[in-house]
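Accompanying notes for the structure given below.
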Amino acid sequence: MISRAAILAETRAWIGTPYQHQASAKGVGCDCLGLVRGVWRALYGQEPELAPAYTPDWAERAGRETLLHAAQRYLREISIEDARPGDVLLFRMDAQSPVKHAAILDEEERIIHAYWGRAVVRSRFAPWWRARCAAAFSFPDVDAWPS
């Protein structure tokens with residue numbers, strides 16, 4: 001059983017990691033997918049599937065739900081309303097686009113994500129992000145969050 005405290009501790013350890021497209025190295029560089037991949041490796045070991053090479057506009061060009069379908073293969077889908085700290089959130093940048101961005105829900109209505117052009121940051125889960133949240137997932141074998 002993986003604790004939500006362990007997920008949050010590992011995720012928070014990535015804060016300040018510079019944004020780097022396709023990377024997944026704590027303290028060196030990562031993008032939003034790289035953050036989730038890095039947390040997975042810390043908690044579970046080897047990734048179940050290698051991420052294919054992708055361009056910054058991969059979702060728009062492909063028009064497929066590549067990120068959403070990968071999450072459905074390895075994470076446990078939950079309703080957005082049931083998401084708790086330590087869960088993975090996926091976002092659409094507009095209603096017609098495939099899911100393209102990932103974050104991990106933190107406590108105090110915050111998300112932790114790799115913010116393009118900056119770094120891994122802790123941001124307010126503001127209405128702008130809430131409106132774009134398309135799916136929520138728990139990591140496998142995660143304990144319940146205290147109520």
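Derivation of every value follows stated rules applied to the coordinates shown; laboratory data play no part. Please read these numbers as outputs of a predicted model, since none were measured by experiment. No Cβ is skipped: glycine too gets one built from the backbone with ideal geometry, and neighbour counts run over all protein chains shown.
Based on this model, can you work out whether L90 counts as under 17 Å from H113 (Cα atoms) and assigned to a strand (DSSP E or B)?
In short, yes.
Sort out which residues of the stretch 1-20 are part of a loop (DSSP other than H, G, I, E, B) and either among the charged types (D, E, K, R) or in contact (Cβ under 8 Å) with a residue 60 or more places away in the chain (or both), and write them in order of number.
Across the stretch 1-20, the qualifying residues are M1, S3, W14, I15, G16, T17.
Please find, among R84, R110, R76, R124, the residue that is under 14 Å from the mean Cα position of the chain (by Cα), surrounded by fewer than 18 Cβ atoms within 10 Å (Cβ to Cβ) and free of Cβ contacts under 8 Å to residues at least 24 places away in the same chain. Even if it seems obvious, please write down each step before you answer.
Numbers: R84 fails: free of Cβ contacts under 8 Å to residues at least 24 places away in the same chain; R76 fails: free of Cβ contacts under 8 Å to residues at least 24 places away in the same chain; R124 fails: under 14 Å from the mean Cα position of the chain (by Cα).
Only one candidate passes the filter, namely R110.
What number goes with the only condition from (1) closer than 15 Å to P140 by Cα; (2) more than 12 Å from the chain's Cα centre (by Cα) that S97 does not pass?
Against the list (1) closer than 15 Å to P140 by Cα; (2) more than 12 Å from the chain's Cα centre (by Cα), S97 comes up short only on (1).
Do you know which residues across the stretch 20-53 are of a type in the set (S, T, Y) and either surrounded by 17 or more Cβ atoms within 10 Å (Cβ to Cβ) or touching a Leu at 6+ places or on another chain (Cβ under 6 Å) (or both)? Don't jump to the end; show me each part of the working.
In the first step, residues of the stretch 20-53 are kept if they are of a type in the set (S, T, Y); the result is 24, 44.
The one that is of a type in the set (S, T, Y) and either surrounded by 17 or more Cβ atoms within 10 Å (Cβ to Cβ) or touching a Leu at 6+ places or on another chain (Cβ under 6 Å) (or both): S24.
Show the residue pairs meeting these rules: Cβ distance below 9 Å; 6+ apart or different chains; first residue within the stretch 23-52 and farther than 15 Å from R12 by Cα and without any contact (Cβ under 8 Å) to a residue 12 or more places away in the chain; second residue in a helix (DSSP H, G or I) and among the basic types (K, R).
Once the first residue is farther than 15 Å from R12 by Cα and without any contact (Cβ under 8 Å) to a residue 12 or more places away in the chain and sits in the stretch 23-52, its partners that are in a helix (DSSP H, G or I) and among the basic types (K, R) give E47/R37; E47/R41.
Report yes if some residue within the stretch 114-129 is of a type outside the set (A, V, I, L, M, F, W, C), part of a strand (DSSP E or B) and farther than 26 Å from S3 by Cα; otherwise report no.
First, pick out the residues of the stretch 114-129 that are of a type outside the set (A, V, I, L, M, F, W, C): 115, 117-118, 122-124, 127.
When the remaining residues are screened for being part of a strand (DSSP E or B), the result is 122-124.
Checking the rest, the ones that are also farther than 26 Å from S3 by Cα come to none.
No.
Go through the residues of the stretch 72-79 one by one and say whether even a single one is among the hydroxyl-bearing types (S, T, Y), out of contact with any strand residue (DSSP E or B) (no Cβ under 6 Å at 6 or more places or on another chain) and assigned to a loop (DSSP other than H, G, I, E, B).
yes
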